[in-house]
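Below: the structure, in structure tokens.
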Amino acid sequence: MPEVIEVIFEKYQRKPDQLIPILQNVQREFGYITPESVKHISRYLRISENQIFGVSSFYAQFRFTAPGRHSVKACLGTACHVRGGATLLEMLERELGISCGETTPDRRFDLERVACLGCCALSPVVQIDADIYSRMTVNKLSELLKQYE
Amino acid sequence: MNKLKKKITSAKKKWEGIENNKEPIVYIGAASCGRAAGALELIAETEKFIKENNISAKVIQVGCIGPCYLEPLVDIKMPGQPRVSYSNVNVRTLNNILKSQLLEGVPFIKAAIGNFGNSDFNGIPPFYELPMLKPQVRIVLRNCGLIDPEDIDQYLAMEGYQGLMNALQMSPEDVIGVVRQAGIRGRGGAGFPTFKKWTVCRNTPGEQKYLICNADEGDPGAFMNRSLIESDTHAVLEGMMIAGYAIGASKGIVYIRAEYPLAIERLRTAIKQMKEYGLFGKNILGSTFNFDITIKEGAGAFVCGEETALIASIEGKRGMPRSRPPFPAISGLFGCPTIINNVETLGTLPNILRNGAEWYNKFGKEGNRGTKTFSLVGKIRRTGLIEVQLGTTLREIIFDIGGGVQKPFKAIQTGGPSGGCLSEEFLDLAVDYESLASAGSIMGSGGLIIMDEDTCVVDVAKYFLDFTQKESCGKCIPCRVGTRHMVEILERITHGEGVPEDLLTLRTLGDTIKKGSLCGLGQTAPNPVLTTLRYFRNEYLEHIKDGLCRAVVCKDLIEYRVIKEKCTGCQSCVKACPTGAISGPRSEPHNLDKTKCIKCRSCYEVCRFEAIAGDAIVIRTAGKRS
């Protein structure tokens, strides 16, 4: 792991304003912000681990637990809410047996809520990995989950 | 500059080749929204079709033209014929369309929605005469959906970068003068005159100045900026350069949400092309103007749309706003004079510099010049991205452009979570900064959410408050604690446990939060509650006194029932129910055990969509005493 982190560091200058891009890159690489990587970043940028946790916990993008093989994101933007996004999220929580921000014990899915995916005209939408599924219903979604292993 | 002029000439020639095409061209709308509707599959399918039939044809990916309810859109331009647009295309209709157009050379009339000529073509009306398009005035969106955003030549052929060339021949002060005369105001929401901000920054001494493009479109229910960047990337970048030149900045930064991967990718591509065309770096187009652009990905915080929070975020800190003054125009990013403009403001600039302030003054009305884009979503027939002149009434937007609502209209929310919920009596309100403010709402960045009688306003108010409460950065106590308290009260009300005094408490809290918060988030967060309290007080009282939710949304106040006379006993709902609450043998009316029902809606959906089912499951508001 230290080698991977070193490669990431090479792309960024040793300046505090590079913290967020570095964290984003670390998350892309490992799937989440590992405690170990925070130590490395702290040494590289010469800012305290506290500060790094302070910044990373502020932003919704960063997660501190390992993600599942597939990430499910339920959109709860206004348009999706008006058209039943919350019901979809409840269904996901029930079907997967986890709540937002958690990963299923078999590591198959992790679940998150997002404020808006910007596809409001096709609401309600659910994102699984990189694909956005539009005009979802509880039953369509339940079928859809079966396609992901 | 001569080098660019040569490029423009060749770009125009290339465009003429597209206009007078010798081989068929298939355009597919592949912005994020089109992709969600299945555009990528259509592209693959088209390419397969072309290969299998051994024909020579071109496939061009374009951005979003606006009417999202018609997605995915496929346009086909045959040699010597106008471009014909097909809507709601799926793989099957696509094959029919391709067969008819590419093999037989005639339009597939059944699925055609419009043509891009000036008159009817084989009975297909002109696209811009469609009811959704006709009342619109497209300035910012003029290229969206028509050109390939990843091809700079197509943008150049559309007079792209002409605005920048005009600007570079003027002094920066004159550019500010043109913008002043044009009267454009910040399109990010607050409506501050653009030239004023610029003048302050211009007059502030400083070696390094920054121009930031604010593409942190965090409003849930708004996607104008995403669409513009994805569909006409260079327009935004050109606008940044004009603004940079005017204020004397040599560094531009696009601060964009990480949730918009396609927009980020297109920006990167566009910047690469600018480098090739001498539109980047030192001595741009032979002038003394230096400008480069970097992209900063946001990390998911709504409050970062606020100027000072955005700056903190770029500096690598927690995105918390600070008190102003000093305004960013005097001391912003890394302490340098900084101007932050919204995507749409920047996207408008090339048009103003190209056509002049007088031309721009023809649109809108005194004090509110120009056009504004809106994303029209919610319970409306024609959803999508629209652009209208400022001063257009809500009625025109909802009924003429949007085609009205299927069920009776209830309310419209303007300005996203910071805006207000307006009732029917405001339908004739003109959409401009001042009129919306006088009604207790705001223009905001331009999300319009339409609600019908199936939407519960208390639930919507709770939703918005819940959103702002979660996004509050926590710096100001009224915002941090107050919004939380308001959410708790609203939750009680939607659970049927509210008391009449709650309404007064909500108002007092709301007023305090507005007065006691530092930034726009807190100052506007209570708006949805305050406006719904004002215009929909009755619904709050119904929830509190009678335990009624007339829109049948609030879960604790509703129940599911099977209408025995209608039930065909098809058993679809029995299979769909996750808790086994519905039972009954085939062909006999089913029973629904209310103690087991978790109100998940699965049975309701099945009962509505399955052909054999009889629409027998209904959701009713229960009422406290029933």
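The values are calculated or read from the model by the stated rules, or taken from the named source; none is laboratory data. From a predicted model like this one, the values you see are computed outputs, not experimental measurements. Positions of Cβ are backbone-derived with ideal geometry, glycine not excepted, and every protein chain shown enters the neighbour counts. Just so you know, the surface numbers come from the protein's heavy atoms only, side chains and all, with ligands and any DNA or RNA stripped out. Shrake-Rupley method; radii C 1.70, N 1.55, O 1.52, S 1.80 Å.
Taking (1) in contact (Cβ under 8 Å) with a residue 40 or more places away in the chain; (2) farther than 30 Å from B:Ala525 by Cβ in turn, B:Gly281 satisfies each apart from (1).
Test B:Lys372 against the stated conditions and say whether it is more than 14 Å from chain A (Cβ to nearest Cβ), buried (at least 21 other Cβ atoms within 10 Å of the Cβ) and not in a loop (DSSP other than H, G, I, E, B). First the steps, then the outcome.
Values: more than 14 Å from chain A (Cβ to nearest Cβ): yes; buried (at least 21 other Cβ atoms within 10 Å of the Cβ): yes; not in a loop (DSSP other than H, G, I, E, B): yes.
Against the criterion (more than 14 Å from chain A (Cβ to nearest Cβ), buried (at least 21 other Cβ atoms within 10 Å of the Cβ) and not in a loop (DSSP other than H, G, I, E, B)), B:Lys372 qualifies.
Residues that are among the hydroxyl-bearing types (Ser, Thr, Tyr) and either closer than 16 Å to B:Asn342 by Cα or touching a Gly at 6+ places or on another chain (Cβ under 7 Å) (or both) within the stretch B:251-282 comprise B:Tyr255, B:Tyr260, listed in sequence order.
Taking the criterion of being within 8 Å of chain B (Cβ to nearest Cβ) and open to solvent by 10 Å² or more (accessible area, probe 1.4 Å), the residues of the stretch A:97-116 that qualify are A:Val114, A:Ala115. If the condition is being touching a residue at least 60 places away in the same chain (Cβ under 8 Å) and farther than 13 Å from B:Gly252 by Cβ, then the stretch B:314-331 contributes B:Arg318, B:Gly319, B:Met320, B:Pro321, B:Arg322, B:Ser323, B:Phe327, B:Ala329, B:Ile330.
Against the criterion of being more than 30 Å from B:Asn361 (Cβ to Cβ), part of a strand (DSSP E or B), of a type outside the set (A, V, I, L, M, F, W, C) and not assigned by TED's automatic domain parsing to the domain that holds B:Gly356, B:Gln101 does not qualify. In the set (1) touching a Phe, Trp or Tyr at 6+ places or on another chain (Cβ under 7 Å); (2) over 27 Å from B:Val487 (Cα atoms); (3) surrounded by fewer than 24 Cβ atoms within 10 Å (Cβ to Cβ); (4) not β-branched (Val, Ile, Thr), B:Ser423 fails one condition alone, (2). Pairing each residue of the stretch B:504-530 that is loosely packed, with under 14 Cβ neighbours inside 10 Å with any residue that is in a helix (DSSP H, G or I), provided the two are 6+ apart or on different chains, yields C-beta distances under 7 Å for B:Thr505/B:Ile489.
Scanning the stretch B:453-463 for residues that are open to solvent by 10 Å² or more (accessible area, probe 1.4 Å) and more than 14 Å from B:Gly221 (Cβ to Cβ) yields B:Glu453, B:Asp454, B:Asp459, B:Lys462.
You will find that of A:Ser142, A:Ser37, A:Ser48, A:Ser56, the residue that is closer than 26 Å to B:Cys473 by Cα and surrounded by fewer than 19 Cβ atoms within 10 Å (Cβ to Cβ) is A:Ser48 and no other.
For B:Lys362, indicate whether it is free of Cβ contacts under 8 Å to residues at least 12 places away in the same chain, open to solvent by 10 Å² or more (accessible area, probe 1.4 Å) and more than 23 Å from B:Lys475 (Cα to Cα).
Criteria met by B:Lys362.
So, B:Asp232, is that one more than 14 Å from chain A (Cβ to nearest Cβ) and in contact with a Leu (Cβ under 8 Å, 6 or more places away or on another chain) or not?
Values: more than 14 Å from chain A (Cβ to nearest Cβ): yes; in contact with a Leu (Cβ under 8 Å, 6 or more places away or on another chain): yes.
Judged against the criteria, B:Asp232 is a match.
Beta carbons closer than 6 Å, at least 6 apart along the sequence or on distinct chains, pair a first residue in the stretch A:134-148 that is within 9 Å of another protein chain (Cβ to nearest Cβ) with a second that is in a loop (DSSP other than H, G, I, E, B) and modelled with pLDDT of 90 or more for A:Ser134/A:Val125.
A:Lys15 fulfils the conditions (1) facing another protein chain (nearest Cβ under 10 Å); (2) open to solvent by less than 70 Å² (accessible area, probe 1.4 Å); (3) more than 23 Å from A:Gly101 (Cα to Cα) except for a single criterion, (2).
From the list B:Pro205, B:Pro172, B:Pro261, the lone residue that is out of contact with any helix residue (DSSP H, G or I) (no Cβ under 9 Å at 6 or more places or on another chain) and surrounded by fewer than 24 Cβ atoms within 10 Å (Cβ to Cβ) is B:Pro205.
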